[in-house]
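Okay, structure first, notes after.
Readers should treat all values here as calculations from the given coordinates under stated rules, not as data from a laboratory. Keep in mind that what you see is a predicted model, and the values were worked out from it rather than measured. Positions of Cβ are generated from backbone atoms using ideal geometry, with glycine treated the same way; all protein chains shown enter the neighbour counts.
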Amino acid sequence: MARSVGADDVTERRTVWGAAASSFADRHIAWLLVLPAVLLILVLSIYPLAYSVWVAFVNFDFEIPGHAFVGLKNFQQIVDDPIARWSLVNTAILSVACVAVEFVLGLLLALAMVKTFRGRGLIMPILILPLFISPVIVGQFWSLLLQQPFGPTNYLLGKLVGQPVEIGWLTQTPWNFIAIVTADAWQWTAFMFVILLAGLTSIAPEMFEAAELDGATPWQTFYHVTLPLLAPIILLAITFRLLDAVKLFDVIYVMTGGGPGASTYTASFYLYQIGFQQFHLSKATAGSWIFLALSAVIIMALVRRLLRPEVR
Amino acid sequence: MAGLASARRSPELRLGFGTLRLLYVGLFLIFVLAPLYWVVITSIKPTSDYLAIPPVWFPAEPTIVHYTAALFAYRGLAGLINSAVVATVTTVLSALLGTLMGYSLARFNTGGPHLSFWVLSQRFLPPIAIVLPVFLLYRSWGLYDTRLGLILIYTMITLPLSVWMMYAYFRQLPKEMEEAALVDGCSRWGAFWRIALPLAVPGIVVAAVFAFIFVWTEFFFALNLTSRNAFTLPTIFRAFLGFQGAQYGEASALAVTSLVPSIVLGMLVQRHLVRGLTLGAVHG
């Protein structure tokens, strides 16, 4: 008798606790659902960033023992380093060049592919294929094609101009810049292309019909109808590309190794060299904060305005 | 809206440059295919053919020795296994956490615009700013050069993608069915678990595939957070840098091995490519 009462008691207590727990869970479902993701970002992004603030102000260098506070010395070292400044300029040059080339090629491709023609369905998967390949491998591709003296590019160019061509695509300026932009454009033109194509197909056909009725030439239609209607999506595509292009690293690492000298250093490559090759971790961290602050300016300016889910 | 596979037939862009258009598309196709052709050919060339002038466009005696060398001598197989394990586990975790958070953002507007923007901003952080402190912390936490360490950082890095893709996906799912279930006495968890989640499966699959492709092709974090044990496939290309001409075959064989899985997966999600590339902001 007593035993069964006790058992009932336990079950009841359990259901009471269960009900309380489930009502707690139900009331706070919104925050419980975001909790795991937010925790992970806090532990692996926010905490490391906070930790790196400390690293940037102390001595954390595998060549010098101890972690003494050094104030702004690490930042000073970066600012005083001509290679750091060159890397930053280079990042700007290369990312703007890459994005510009990709935008022009991608827009032309989108305009060429927007109407159906026979074989379009077969061509489409090939055009987007580069997006699914690791940038390291893309760098490897172009190293193979451009290498001197056994690569096929110089040989074919030689046939074309009728005399031997001996361009050191990976070892001579400005050819190494052209090689890097080519490799990057090979991979990311498809990015511009698919987004701009989506934009083009979403423009109502009536707009073009109206322009045609008004007797607009194709160029006028493009300039006064297509381009303004496409503007928001062009901005979005360029923003997304630019934010990734400033991180340029993989292709440089494989194709030129930053060289010759430091001529093709980008910000990411420079900081990698300082941090992971020379192990001046505090100097690299201070540099990465400067880079982060500069990127944040672009992010704030561009993304906040663009990335509402309402953008279509 | 029309997907990538179809386009309208209306005369919307009668540029009148029919031939020029096809010529451009043709040239672009050659531009895209040439490196792929060359890498496949290089991977099956006998070593003596690399250093030939004029270049050998098609080897007389194709060989697979570079594949076996890449997989075994250069530890390509170990890298392949690491990549597969890390990418698979990351994909599951990222899709799970992304779905939970995406649902919360879409249905309860949790944290207002600040929380969703905060997650998104992670997508645009320079990786070098994260990888330096994470490298130091991983060394003291014992996570340096482990698969677990890579899985955790990759899950974090792919979260903006998963969260925002699922956020956009849940927003376009009608919420009437969940509301009806709540009226019938279903708990909120029940409405999420039994009503919304089954409807979201196609969206989850697409987000998961994009996360997988990202991890499979990622280089920078793997380069700096692994060494002899947890190294992934892309990091093996370190071994082929410089002017060691004798290794073009191995490098190419490894490249071919590595690009096949991600291309196959990419083809499966090509209809959703625009959403994937813009984190759900643009519908293709």
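First check a/c for segment B:68-150, with a ≥ b ≥ c the square roots of the eigenvalues of its C-alpha gyration tensor; if it is under 1.5, answer rounded, and if not, answer prolate when a/b is larger than b/c or oblate otherwise.
On the way: a/c = 2.90, a/b = 1.84, b/c = 1.58.
Cα axes put segment B:68-150 in the prolate bin.
Could you tell me the ratio Rg/Rh of segment B:150-284? Both radii from Cα atoms, Rh via Kirkwood. Could you put the intermediate results ahead of the total?
Values: Rg = 20.1 Å, Rh = 17.6 Å.
Rounded to two decimals, Rg over Rh is 1.14.
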**Request:** Report Rg (one decimal) and Dmax (nearest whole number) for segment B:82-129, counting Cα atoms only, units Å.
**Result:** 13.5, 39
**Asked** Which of rounded, prolate, oblate describes segment B:18-63, given a ≥ b ≥ c as roots of the alpha-carbon gyration tensor eigenvalues and a/c under 1.5 marking rounded, otherwise prolate only if a/b is larger than b/c?
**Response** prolate
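Give the Rg/Rh ratio for chain B, taking Rg as the radius of gyration of the Cα atoms and Rh as the Kirkwood radius, to two decimals. List each step's numbers first, then the result.
On the way: Rg = 23.2 Å, Rh = 21.9 Å.
Here Rg/Rh amounts to 1.06.
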**Message:** Using square roots of five times the C-alpha gyration tensor eigenvalues, list the equivalent-ellipsoid semi-axes of segment B:113-185 in whole Å, biggest first.
**Reply:** 36, 15, 9
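Say R0 is 56 Å: what FRET efficiency, to the nearest 0.05, do B:Trp193 and A:Ala210 get from their beta-carbon distance?
My answer for the efficiency is 0.65.
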**Fill in**
Taking only the alpha carbons of the protein assembly as shown, the radius of gyration and the largest Cα-Cα distance, Dmax, both in angstrom, are 26.4, 107
**Prompt:** A:Lys115: which aspartates and glutamates have alpha carbons under 13 Å from its alpha carbon, excluding same-chain residues fewer than 8 sequence positions away?
**Reply:** B:Glu12
**Request:** Set Lys and Arg Cβ to +1 and Asp and Glu Cβ to -1, take the dipole of chain A about its Cα centre, and tell me which of A:Leu160, A:Thr256, A:Val43 lies farthest positive.
**Result:** A:Val43
**Prompt:** Could you give the dipole magnitude of chain A about its Cα centre, charging the beta-carbon of Lys and Arg +1 and that of Asp and Glu -1, in debye to the nearest 20?
**Reply:** 200 debye
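How would you classify segment A:140-212 from its alpha-carbon gyration tensor, with a ≥ b ≥ c the square roots of the eigenvalues: rounded for a/c under 1.5, else prolate if a/b is greater than b/c, otherwise oblate?
On the way: a/c = 4.06, a/b = 2.61, b/c = 1.55.
Prolate, because a/c is 1.5 or more and a/b exceeds b/c.
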**Item:** Candidate lysines - alpha carbon under 30 Å from A:Lys247, same-chain residues fewer than 8 apart omitted
**Value:** A:Lys73, A:Lys283
